[in-house]
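Below is one structure, written out as structure tokens, with a few remarks after it.
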Amino acid sequence: MGKVSRRDFLKLAASGGGAAMAVGLGVKDPEHLIPYVVPPEHVRPGVITWFATTCRECPAGCGMHVAHRDGRAVKVEGNPDHPINRGGLCARGQSALQGLYDPDRVRRVVYQPRGGERRSFDWPAAIAEIGRRLRDARGQVFVISDLQTGALAEVTEGFAKALGSQPPAFFEPFNYDTLLAAHHLVFGIGAIPDYRIDRCDFLISFGVDFLETWISPVQFANQFAAMRSRRGIAGRRGRFVYVGPRLSMTAANADEFIQAPPEAVLGVALAMLKAVVEQQGERADAKLRAATGGSAADLVARAGVPPERIAELARAFLEAQGSIALAGSDSSSSPLAAVTAVAAALMNHAAGRIGQTVDFSRTHALGGRNRRAELGELLIRIGPESVVIVLNANPVFTTALARETLPLAGT
């Protein structure tokens, strides 16, 4: 180790560099050991500042508080004043910092031409290159993004319009197409309503895992906790029945788990719908009576559940002060799932739950994203001279047609 001047010694001692000096690592500039030499006004060394933001780990949009100390985000928590999550935050939200500080994250603009080597750009050079390619594009420009709302959605739409493109495709891999199609067929509204589980004292789920992945699990977990306590609408603990093929986490929280394969789940839903209409008698909607006319023996046989059990579930659904039938898996688009979602929607309508526990005046943003068929229509229009801009989405991973068509694009 070389000689250390008195000035350097004092600088090292003041900045905690004495240990480095002791092991002979040389003199280090203490200015590199703190994030800011002249920090912004809201940054005070060693003091945590909290910022309110929105979690983007999934489309639920939970409110989040981020702890910020010395120029770094160090912790995230749920916002207790946010109407969606009321202070809760799921595991994905809690791990949001993992992406921010992941050692393998992309730290600079990366450019890799087709068949070429990967190179790094700075932002001015990258923006200039992207602008040149858009200016020289001879084909149509397409924009594919994950779900956006508010100001960012307006910016994305304005960007696509300025390029002479069609509106951007907002795509999510969890599509809810069966739920949207069912509501469009039954109510003429292709939307996802606000389900008020906290206003229920009877809840039945046809294969919907609302405590895990469905639409807004943190919100539903809070509402479910209220339903299961004496804070519910009836002042007593609500009842929950789950009908599905596997004992999921949601099913494990049910009072009654009816295990059934997908075709039998549909049978339970249809048989229960018919029982609801029959028990209402003349009070039932005439169109519903006509649609569910005929014998229910085949439906009960398909369900694999005793007829008296079906009748008891229908009676509990009707007599409850508040009830909901949930259907429409987030990932299934099979005909069985579609018909099950229609049966649940008709059941909610027959029991008069629309506007009470199923509120279409407050719809979820997921209803505004593009359906899988609409994305397919966009993808088949991509040609060799097209320019495709993908924003925070990965359609190649989830859509077979994207794997076939996106490599054909010029850029």
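Given (1) modelled with pLDDT of 90 or more; (2) assigned to a helix (DSSP H, G or I); (3) hydroxyl-bearing (Ser, Thr, Tyr), where does Ser361 come up short, assuming only one miss?
Result: Ser361 fails condition (2) only.
Considering only residues that are among the small types (Gly, Ala, Ser) and either farther than 29 Å from Val38 by Cβ or modelled with pLDDT of 90 or more (or both), which ones fall in segment 67-95?
Ala67, Ala73, Gly78, Gly87, Gly88, Ala91, Gly93, Ser95
Could you please let me know if Phe202 is of a type outside the set (D, E, K, R), in the same structural domain as Val358 (by TED's automatic domain parsing) and at pLDDT 95 or above?
Spelling it out, Phe202 is indeed of a type outside the set (D, E, K, R), in the same structural domain as Val358 (by TED's automatic domain parsing) and at pLDDT 95 or above.
Test of understanding: among Val218, Val208, Val186, which residue is more than 21 Å from the chain's Cα centre (by Cα) and either buried (at least 20 other Cβ atoms within 10 Å of the Cβ) or among the hydrophobic types (A, V, I, L, M, F, W, C) (or both)?
Result of the check over Val218, Val208, Val186: Val186.
Residue-by-condition table, conditions (1) touching a residue at least 40 places away in the same chain (Cβ under 8 Å); (2) touching a Leu at 6+ places or on another chain (Cβ under 8 Å); (3) surrounded by fewer than 21 Cβ atoms within 10 Å (Cβ to Cβ):
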residue: Gly328; (1), (2), (3): yes, yes, no
residue: Ala341; (1), (2), (3): yes, yes, no
residue: Ala350; (1), (2), (3): yes, yes, no
residue: Val358; (1), (2), (3): yes, no, no
residue: Gly367; (1), (2), (3): yes, yes, yes
residue: Arg372; (1), (2), (3): yes, no, yes
residue: Pro384; (1), (2), (3): yes, yes, yes
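So that you can scan it fast, the table gives a plain yes or no per residue for (1) under 19 Å from Ala350 (Cα atoms); (2) at pLDDT 75 or above; (3) touching a Lys or Arg at 6+ places or on another chain (Cβ under 7 Å):
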{"position": "Ala297", "(1), (2), (3)": "no, no, no"}
{"position": "Leu318", "(1), (2), (3)": "yes, yes, no"}
{"position": "Gly322", "(1), (2), (3)": "yes, yes, yes"}
{"position": "Asp330", "(1), (2), (3)": "no, no, no"}
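Run Gln166 past the list (1) in the same structural domain as Phe360 (by TED's automatic domain parsing); (2) surrounded by 10 or more Cβ atoms within 10 Å (Cβ to Cβ) and report the number of the one that doesn't hold.
Failed condition: (1).
When you look at Gly158, is it farther than 29 Å from Val339 by Cα, in a loop (DSSP other than H, G, I, E, B), of a type outside the set (A, V, I, L, M) and out of contact with any helix residue (DSSP H, G or I) (no Cβ under 6 Å at 6 or more places or on another chain), yes or no?
Numbers: farther than 29 Å from Val339 by Cα: yes; in a loop (DSSP other than H, G, I, E, B): no; of a type outside the set (A, V, I, L, M): yes; out of contact with any helix residue (DSSP H, G or I) (no Cβ under 6 Å at 6 or more places or on another chain): yes.
In short, no.
Test of understanding: among Thr292, Thr250, which residue is modelled with pLDDT of 75 or more, among the hydroxyl-bearing types (Ser, Thr, Tyr) and surrounded by 21 or more Cβ atoms within 10 Å (Cβ to Cβ)?
Result: Thr250 is the single residue among Thr292, Thr250 that is modelled with pLDDT of 75 or more, among the hydroxyl-bearing types (Ser, Thr, Tyr) and surrounded by 21 or more Cβ atoms within 10 Å (Cβ to Cβ).
Taking segment 235-255, which residues are in contact with a Phe, Trp or Tyr (Cβ under 6 Å, 6 or more places away or on another chain) and either free of Cβ contacts under 8 Å to residues at least 40 places away in the same chain or of a type in the set (Phe, Trp, Tyr) (or both)?
Matches in segment 235-255: Tyr242, Val243, Asp255.
The values are calculated or read from the model by the stated rules, or taken from the named source; none is laboratory data. Everything quoted here is computed from the prediction, not taken from an experiment. Glycine gets a Cβ as well: all are built from the backbone with ideal geometry, and neighbour counts include every protein chain shown.
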